[in-house]
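Only one structure is covered here, and it is reproduced in the block below.
Please treat every number below as a calculation from the coordinates, not as lab data. These numbers were taken from a predicted model, which means no experiment stands behind them. In this analysis, Cβ positions are derived from the backbone assuming ideal geometry, glycine residues included, and neighbour counts consider all displayed protein chains.
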Amino acid sequence: MTIDERLEKLTERHEALTQSVELLRIAQEETDKRFKETEQRFQDTAKRFQDTDKKFSQTAELFSQTDGFINELARIARSHENRLDDLERSNPKR
């Protein structure tokens, strides 16, 4: 193999390696771009989960308060019912 043939082969290999490196660079840029987009979507989703968790906590607190109100109303209703029963017993209809 002559020097010219060797140079030609080296040039071909160099061109092939250059093309491969360029393809790898493009692929890496695309991967980086997709990674950044995915990371942004992940952060957006994490924020929505935090917001949803906060709303669930607020809703649970409201349900707890409502339960307390309903129990208090039931207690008042029983008290009034007992009072009315006592009044009916002490003043029977004639």
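Tabulate in residue order the Karplus-calculated ³J(HN,Hα) for the range 66-72, using 6.51 cos²θ - 1.76 cosθ + 1.60 with θ = phi - 60°, rounded to whole Hz; enter x for Gly and Pro.
In residue order, the calculated couplings are 4, 4, x, 4, 5, 5, 5 Hz.
Using a Debye calculation, one point per C-alpha and no hydration shell, please list log10 I(q)/I(0) for the range 13-61 at q = 0.15 Å⁻¹ in order.
Result of the Debye calculation: -0.59.
Lysine pairs in the range 27-93 8 or more apart or on different chains: how many have alpha carbons under 29 angstrom apart? Display every interim value, and only then the final one.
Values: 33/47; 36/47; 36/54; 36/55; 47/55.
Taking the Cα cut-off of 29 Å, the pair count is 5.
Label-point separation (nm) for residue 62 and residue 90, each offset 7 Å from Cα along Cα-to-Cβ?
4.3 nm
Please turn the phi angles of the range 57-62 into ³J(HN,Hα) values with the Karplus equation 6.51 cos²θ - 1.76 cosθ + 1.60 (θ = phi - 60°), one per residue in order, whole Hz, x for glycine and proline.
These are the phi-based 3J(HN,Hα) values: 5, 5, 5, 4, 5, 5 Hz.
According to a simple spin-label model (label point 7 Å from Cα along Cα-to-Cβ), what is the distance in nm between residue 23 and residue 74?
The modelled label-to-label distance comes out at 7.3 nm.
Among (1) 12, 14, 11, 11, 10, 9, 8, 7, 6, 5, 4, 2, 1, 0; (2) 17, 42, 32, 8, 1; (3) 14, 27, 23, 19, 12, 5, 0, find the value of P(r) over Cα pairs in 10 Å bins from 0, in percent that was calculated from the structure presented, and write down its label.
Label (1) holds the value from this structure.
In whole Hz and in residue order, list the ³J(HN,Hα) couplings for the range 11-27 that follow from phi through the Karplus curve 6.51 cos²θ - 1.76 cosθ + 1.60, θ = phi - 60°; x for Gly and Pro.
Whole-Hz 3J(HN,Hα) from phi for the range 11-27: 5, 4, 5, 4, 4, 5, 5, 4, 5, 4, 5, 5, 5, 5, 4, 5, 4.
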